[in-house]
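Participant: So that we are looking at the same thing, I have put the structure below in structure tokens.
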Amino acid sequence: MGVVANRAPELFAGIVTEVPFVDVLTTMLDADLPLTPPEWPEWGNPITNEADFRTILAYSPLDNIKAGDYPAILAVAGLTDPRVTYWEPAKWVAKLRAHSRSGKPMLLRTDMSGGHLGAPGRFDRLSEFALIYAFALSVVGRSRP
């Protein structure tokens, strides 16, 4: 959804991203992250291959934000997520806020006990669903004041 936000923002009233992998190039350049080297066969290795570097750079959501009218965005992150580090969506939302001219909300929710699969516990997960549905209803004008 990060790529979509950059390439066709006008198509969406809002975008929800759950643990969005949006700082792709930085992550794929960090061989010290435990999940990066095993991903090189699929994504390419931008450290050793210039073509892979350029390909990843061309679509990496964080690296392709530009001034424009972005839709409302809700990014949900988990502090303990080993797959998508919590700072990726934080950096992405901060950069979107700095570049968006739409005036629409760019929201970040970081679950301080959650990981890659969302909030732990049945009721915490239901609260997360409620937040996402409330955001979606709000951006399409279907929420009550």
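Participant: Can you tell me the 0 to 90 degree angle between the C-alpha axis of helix 87-99 and the longest principal axis of the chain, rounded to 10?
Facilitator: 70
Participant: At 1.4 Å probe size, what's the solvent-accessible area of Glu10? Round to the nearest 10 Å².
Facilitator: We get 140 Å² for Glu10.
Participant: Taking a probe of 1.4 Å, how large is the accessible area per residue of the chain, in Å²?
Facilitator: Per-residue accessible area for the chain comes out at 58 Å².
Participant: Given a 1.4 angstrom probe, I'd like the percentage of the accessible area of the range 1-57 that is carbon and sulfur, rounded to a whole number.
Facilitator: 58
Participant: Now for a different question. Quick one: net charge of Val93's neighbours, Cβ under 13 Å, K/R +1, D/E -1?
Facilitator: Local net charge: +3.
Participant: Still on this structure, I have one more. Can you tell me how the chain classifies by the Cα gyration tensor, rounded, prolate or oblate, using a/c under 1.5 as the rounded cut?
Facilitator: oblate
Participant: Rank these residues by their accessible area, most exposed first, probe 1.4 Å: Tyr86, Tyr70.
Facilitator: Sorted by accessible area, descending: Tyr86, Tyr70.
Participant: Check which residues have an amide H placed less than 5 Å from Thr110's amide H, if you skip close sequence neighbours.
Facilitator: Placed amide hydrogens put Ala77 under 5 Å from Thr110.
Participant: What distance in nm separates the simple spin-label points at Thr110 and Lys91, each placed 7 Å from Cα in the Cβ direction?
Facilitator: Going from the Thr110 label point to the Lys91 one covers 1.3 nm.
Participant: How high is the relative contact order of the chain? Use alpha-carbon pairs under 8 Å, at least six apart in sequence, and give a whole percent.
Facilitator: 26
Participant: Here is a further query. Stretch Leu126-Arg101 to full length: gain in nm at 0.36 nm per residue minus the Cα-Cα span?
Facilitator: Full-extension gain reported as 5.7 nm.
Participant: Now, a different point. Assign one of three labels to the range 39-111, namely rounded, prolate or oblate, based on the Cα gyration tensor with a ≥ b ≥ c the square roots of its eigenvalues; rounded applies when a/c is under 1.5, prolate when it is not and a/b is larger than b/c, and oblate otherwise.
Facilitator: Here the range 39-111 falls in the oblate category.
The values are calculated or read from the model by the stated rules, or taken from the named source; none is laboratory data. Keep in mind that this is a model prediction, so the values were computed, not measured. Neighbour counts run over all protein chains shown; Cβ positions are idealised from the backbone, glycine included. The protein model used for the area step is the full one, side chains on, heavy atoms only, and it has no ligands, DNA or RNA in it. Shrake-Rupley method; radii C 1.70, N 1.55, O 1.52, S 1.80 Å.
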